[in-house]
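Participant: The structure is given below, and queries will be raised subsequently.
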Amino acid sequence: MQNCMTKDVFTQLQKISTQQSKIRTLKGKLAVYQDVANKQAETFAELQLVKRVPVAYRHCLAECMRRSVALLAHIVVADMP
């Protein structure tokens with residue numbers, strides 16, 4: 001009877017130890033996955049900025065045209081006697 005209980009306790013302790021090892025391994029993997037996820041979030045944020053470049057470029061061109069027209073208008077007015 002005593003030997004059977006000791007064997008059961010030992011078996012349970014082995015199972016607990018195995019589960020603790022798995023938990024430790026998963027915690028290590030979780031840290032790595034979190035680092036990867038953070039890096040991807042940073043990269044995605046950069047891509048979001050790049051996505052806005054065409055619109056910003058069009059606005060920049062429009063502003064250049066506006067200033068060019070304003071300059072020409074100023075020159076025309078300045079040349080008038």
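Any read-out appearing in this document is the output of simple, stated calculations on the displayed coordinates, not a laboratory observation. All of these numbers come straight from a predicted model, not from anything done at the bench. All Cβ positions, even for glycine, are placed from backbone atoms using ideal geometry, and neighbour counts span all protein chains on display.
Participant: How much length is gained on full extension from Ile16 to Leu71, taking 0.36 nm per residue of separation minus their Cα-Cα distance? Walk me through the intermediate numbers first.
Facilitator: Values: separation 55, 0.36 × 55 = 19.80 nm, distance 8.06 nm.
Result for the pair: 11.7 nm of gain on full extension.
Participant: Additional query: Among Phe10, Val50, Leu72, whose Cα projects farthest towards the positive end of the dipole of the chain, with charges put on the beta-carbon of Lys, Arg (+1) and Asp, Glu (-1)?
Facilitator: Phe10
Participant: On to the next question. Which lysines, if any, have their Cα less than 16 Å from the Cα of Lys39, not counting same-chain residues under 8 positions apart?
Facilitator: The qualifying lysines are Lys29.
Participant: Against the longest alpha carbon principal axis of the chain, how many degrees, from 0 to 90 and to the nearest 10, is the axis of helix 2-51 turned?
Facilitator: Helix 2-51 sits roughly 0 degrees off the main axis of the chain.
Participant: Per-residue ellipticity at 222 nm for the chain, helices alone: DSSP H runs ≥ 4 residues times -39500 (n - 2.57), over residue total, nearest 500 deg cm²/dmol?
Facilitator: After summing the helix terms and dividing by residue count, I get -35000 deg cm²/dmol.
Participant: For Glu42 and Leu61 in the same chain, what is the full-extension length gain: residue separation times 0.36 nm, less their Cα-Cα distance, in nm?
Facilitator: Details: separation 19, 0.36 × 19 = 6.84 nm, distance 2.93 nm.
Result for the pair: 3.9 nm of gain on full extension.
Participant: Tell me the net charge near Asp35. Cut-off is 14 Å between Cβ atoms, Asp35 excluded, with +1 for each Lys or Arg and -1 for each Asp or Glu.
Facilitator: Numbers: positive: Lys27, Lys29, Lys39; negative: Glu42.
Overall, the nearby charge balance is +2.
Participant: If you average 1/r over every pair of different alpha-carbon atoms in the chain and take one over that average, what Kirkwood value in Å do you get?
Facilitator: Numbers: mean 1/r = 0.0508 Å⁻¹.
For the chain, the Kirkwood estimate is 19.7 Å.
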